[in-house]
Structure formats: C-alpha cells, structure tokens
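The values are calculated or read from the model by the stated rules, or taken from the named source; none is laboratory data. Small disclaimer: the values here were computed from a predicted structure and weren't measured. With ideal geometry, Cβ positions are generated from the backbone for all residues, glycine too; neighbour counts draw on all protein chains shown.
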Amino acid sequence: MLCLPMAGMAQNQWERPDIQEKKAVKTEKEVTTEDPKYLEGAVPVVNGEVCWTLDLSVPGKNAQQIYDLVLNYLADLVKQENQLEGSSVSLVNKSEHKIAASIKEWLVFKNQFLSLDRAKLFFNLIVECSDNHVKADLRRINYLYEEDREGGGSHYRAEEWITDEYALNKKKTKFYKAQGKFRKKTIDRKDELFEAIKNVLQ
C-alpha cells in the first residue's frame, strides 16, 4: 500500500530529463602547455646541421679589441667547474681575428638530493671578429648520456635528437619526454653563452 502513491507519481509526474552530455573541448591554450621559446623553430638547422648564430654589432670596438675580450672570456670558460677534460680554446687565427673553441661540459637536467641526472655535452664555438661586429656559431653538438650504464650509454647527435622533427609532436605543441629535456637545456645553455659574450663586449 505504501508503494502505491510512488507508483502513481512515477506514471503521472516523473520523466527522464532531456539533457545531452557535453564533451570537453580542448582549446589551443590547453594543448600548448610548453613555453613557445622552446617549440617550433627554436632549433635552427643550417645545411643539415644544428647551428645557432650570434650576429652582434659592437659599436666603438675594433676587431682586435673584440678578439681579445672574447678570447679572454673563452679561456676562462673552459676552466669553469662544469667543464670536462679536453674542453679548450683549440685554435686561433690572430691575423683574421678568429677563434675556435671545443667545449666539453656537463649538461645538468636535475640535481637533487640523491638524484643527479646529467649528460656530457660537446660542441664547437667558432667566433669571427671584425671592426664593430662579432659573429659566433655554436655547432657540432653531441651528447653522451648515462655513460656508466652497461653498453656504454647513449650517444646522440643534435640533428637526430633535439630538432623539431625528432623532439616535437606532430602539432609542434609538446616535446617527446626523452628528447625534450635535452632540447630545453641546450637552448638555455646557448642563451647563457651568447648573453655572456654580449656582456663582455659591452
């Protein structure tokens, strides 16, 4: 008997609501979660080789002054704590004011208590000095990762590891995890070096 009023209510007043399920729509902002600084076009490939170029006007300084300042900076750089054996200013051309440095250093991804993730980074820095101008190319970039692992670790060339083709997804909005950390840290390191050269020439 107690169920009868509810049964009557179900027949006369209750009905299923007409509500359509709404699907979540991802906006472009939600998809693009990485800093655009590191995304498409951030790693230039010139004649098949990853190469960043600093092309800088240096008003008021002649080629010799610029050469001396950059040479002193690089001589100090290769002695810094993060440098590896063999990092050096390898060649100079005093008459043409050119410098070639072979840099071998640690590229640190994470350094926390009981957790150190890093790779060996190798690259060349070629500097050409002229009156009121300096040009520096950072090229021939290679990595050696987890060298102590069985088998000798992994060796990567920048052209096959941090370029748009290898490091970004098809939409160029995100990194692949393994390549992404190399790409970001290499770009950061390039920025540090170029900014340091700018500062010594001011």
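Here are some notes:
- Matching residues in the range 98-116 - criterion: being within 18 Å of the chain's Cα centre (by Cα) and either free of Cβ contacts under 8 Å to residues at least 24 places away in the same chain or within 21 Å of D76 (Cβ to Cβ) (or both): I103, K104, E105, W106, L107, V108, K110, N111
- Lone unmet requirement of (1) touching a helix residue (DSSP H, G or I) at 6+ places or on another chain (Cβ under 8 Å); (2) surrounded by fewer than 16 Cβ atoms within 10 Å (Cβ to Cβ); (3) not in a strand (DSSP E or B) for L56: (3)
The rows are residues; the columns are (1) touching a helix residue (DSSP H, G or I) at 6+ places or on another chain (Cβ under 9 Å); (2) at positive phi; (3) touching a residue at least 12 places away in the same chain (Cβ under 8 Å); (4) of a type in the set (F, W, Y).
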| residue | (1), (2), (3), (4) |
| --- | --- |
| C129 | yes, no, yes, no |
| V134 | yes, no, yes, no |
| L144 | no, no, yes, no |
| D148 | no, no, no, no |
| R157 | no, no, yes, no |
| E160 | yes, no, no, no |
| Y166 | yes, no, yes, yes |
| N169 | no, no, no, no |
| K172 | yes, yes, yes, no |
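- Hey, L138 part of a strand (DSSP E or B) and farther than 26 Å from F182 by Cβ or not: no
- Summed over the range 61-92, residues that are closer than 19 Å to N132 by Cβ and either over 27 Å from the mean Cα position of the chain (by Cα) or modelled with pLDDT under 95 (or both) total 8.
- Long-range neighbours under 8 Å by Cβ, at least six apart or interchain, first residue under 16 Å from D137 (Cα atoms) within the range 176-202, second surrounded by fewer than 16 Cβ atoms within 10 Å (Cβ to Cβ): I187/K37; I197/L56; K198/L56
- Qualifying residue in the range 29-44 (condition: assigned to a helix (DSSP H, G or I), touching a strand residue (DSSP E or B) at 6+ places or on another chain (Cβ under 8 Å) and of a type in the set (A, V, I, L, M, F, W, C)): no
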